[in-house]
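The values are calculated or read from the model by the stated rules, or taken from the named source; none is laboratory data. Given the structure is predicted, the values throughout are model-derived calculations rather than measurements. Cβ placement follows ideal geometry from the backbone for every residue including glycine, while neighbour counts extend to all protein chains displayed.
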Amino acid sequence: MEDNNDIPTTKRKTRKTATIEVEGVVVGRDKKVVPPRDVERLAQMGCKDSEIADWFGVDENTLRYNFSVELLKGKLALNQSLRQAQIRLALSGNATMLIWLGKNILGQSESPLDSEANAPLPWSDDE
């Protein structure tokens, strides 16, 4: 074995542990404490219900039962943030976003439909 004097050695510091108090709702058989604000923040980041449940170590159904309001508020806040970003992008001159928002919000289309032009032709059995 070669002598590795060139490689600096670092000693790992021992970890310090501490106890913190968490305010939240006690849920599940294991009596986990889940802060409602944290559930809302994770939903606002776009996390799925299953991911949030896994994060707190609770069942997905338990999460939904106890935090349906927070999950909904977080998802709605995410939708609003995305919509604001899209509108800012469109108003800054992004043509693609202008077209997309026009179609989806304003009901515009590339091929306008004229009710008279698209009416069926009269049918006659007479020759």
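Quick notes on this structure:
- Of residues in the stretch 8-46 being under 19 Å from Tyr65 (Cβ atoms) and acidic (Asp, Glu), the one farthest from the chain's Cα centre (by Cα): Asp30
- Only one of Arg29, Arg64 that is of a type in the set (Lys, Arg) and surrounded by 13 or more Cβ atoms within 10 Å (Cβ to Cβ): Arg64
- Yes/no for Arg64 being basic (Lys, Arg) and touching an Asp or Glu at 6+ places or on another chain (Cβ under 9 Å): yes
- Entry remark, the stretch 77-101: residues being surrounded by 13 or more Cβ atoms within 10 Å (Cβ to Cβ) and aliphatic (A, V, I, L, M) number 9 in total.
- Taken together, Asp126, Asp59, Asp114 contain a single residue that is of a type in the set (Asp, Glu), within 19 Å of Val26 (Cβ to Cβ) and either surrounded by 10 or more Cβ atoms within 10 Å (Cβ to Cβ) or at pLDDT below 95 (or both), which is Asp59.
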